[in-house]
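What follows is calculated from the coordinates using simple rules that are stated; it is not laboratory data. All values reported here derive from a predicted model rather than from experimental measurement. Cβ placement follows ideal geometry from the backbone for every residue including glycine, while neighbour counts extend to all protein chains displayed.
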Amino acid sequence: MKRALSVFAFAIASFTPAAQSADLPATKVKVVGALSNLTLYNDFEKPFWTKTIPDASGGKVTADIKGFNDMGLKGPEVIRLMSSGVIEFGTSTLAYFAADNPINEAIDLAGLATDVKTARAVTDAFQPAYEKFYGNQGIKVLGMSTYPAQVLFCNADIKDLSSLKGKKVRTSSRTQAEFVEALGGHSVTMAFGEVVPALQNKVVDCAITGSLSGYSAKWYEVSTHLYALPINWNQQIHAVNKKSWDKLNPGVQALIADKYKTLVNDIWAGAAKQTQEGYDCNTGAAACKEAVKGKMVLVQPTAADKAALKQIFEEKVLTKWAARCNAQCVGDFNATIGKVVGLTAKK
């Protein structure tokens, strides 16, 4: 009996993480991460590759990681370079690729999800469609995450959505631009790093970004009003070149894929907290734990504004998106996202 128990104990031990990591080959991968000056990269992505994966693999799997901006890239190149194999592992904002194919806008249309729970639900529902789409381009999707809620920072007095009429607003996606234009505003496209001087010099009146992203970039120094109505979320795609993935040891693949599930869950949970942190720290609320606090005015959305956003989404944003996406794309939307939010896109 004692011998049987000792054999059983050995069998159990052989399946422990330490024992599994001992079987892994030394592996080093190259990763192009998200914007290196924001929390998604610094609080989640970089520690994942520099600590979580090495620790879980007993030091066998390591990574070189840099934000795409630190490599001189602007963002839209990441997926194309990943498809060609120039980039192995990469993270990027789906909205960057809207011009390549409208399917990349499906989960993040302005007005689609005004809370993080809905944003996660529509993302999870549509992820299989992205896995198929990018799989045909030689890319394996490892997960999908998000930035905090995308909201309006304005260097102007903003009382409600109607205040945007005639205003110049920096947008980072086509769907944001359509939202702004539906309100009578003027959409202006510019890189994230150009926004501070643009707000300071009144080149634009307002700009849209994540609530905490704007704080990290010190937008509170050049803005007076923060409008706490989530317009969209700026979801991220985490992926790997399929040929590079297929060359990895199966144990390394299993380890990375398993840990990515936790990473994605952590980022989504963080996005909910960071949305509120952004509101608190940009406006100097007592709840903000940061040493430097902004003095912006926090404008709360009215019921009328929420209704207006919903109407703009259904009548303008969704209609225009369906017109430019193909029938398969619209069908996939209706079969997944449409069921989550109770809407049907018409081609």
(request) Per DSSP H run of at least 4 residues, take -39500 (n - 2.57); add these up for the chain, divide by its residues and hand me the 222 nm value, nearest 500 deg cm²/dmol. (result) -12000 deg cm²/dmol
(request) For the chain, return all DSSP H helices satisfying: extent of Cα atoms along own axis at least 24 Å; mean Kyte-Doolittle hydropathy at least -0.5. (result) 116-135, 250-283
(message) I want the local charge near Ala285. Using Cβ-Cβ distances under 12 Å, sum +1 for each Lys or Arg and -1 for each Asp or Glu among the other residues.
(response) 0
(request) Kindly work out what percent of the DSSP beta bridges joining two residues of the chain are antiparallel, to the nearest 5. (result) 55 percent
(request) First measure r as the distance between the Cβ atoms of Lys74 and Lys218, then evaluate 1/(1 + (r/R0)^6) with R0 = 25 Å and state the FRET efficiency to the nearest 0.05. (result) 0.75
(message) Given Cα positions, please report Rg to Rh for the range 23-125, the hydrodynamic radius being the Kirkwood one.
(response) 1.03
(message) If each residue of separation counts as 0.36 nm, what is the full-extension length gain between Glu315 and Asn101 once their alpha-carbon separation is subtracted?
(response) 74.9 nm
(message) Quick check: residue separation of Asp115 and Gln200 times 0.36 nm, minus the Cα distance between them. What number comes out in nm?
(response) 27.6 nm
(request) Under 25 Å Cα to Cα from Lys165, which lysines show up? Leave out anything in the same chain fewer than 8 places away. (result) Lys202, Lys295, Lys306, Lys310, Lys316, Lys320
(request) Along each of the three principal axes of the Cα atoms of the chain, give the extent in whole Å, ordering the values from largest to smallest. (result) 79, 51, 43
(request) Just need the relative contact order of the chain here, percent rounded to a whole number, with Cα pairs under 8 Å and 6+ apart. (result) 21 percent
(request) Count the DSSP beta bridges whose two residues both fall in the range 131-290, then state the antiparallel fraction as a percent rounded to the nearest 5. (result) 75 percent
(message) Calculate log10 I(q)/I(0) of the range 113-225 for q = 0.10, 0.15, 0.18, 0.21 Å⁻¹, where I(q) comes from the Debye formula with a single equal point scatterer on each Cα and nothing for solvent.
(response) -0.37, -0.73, -0.93, -1.10
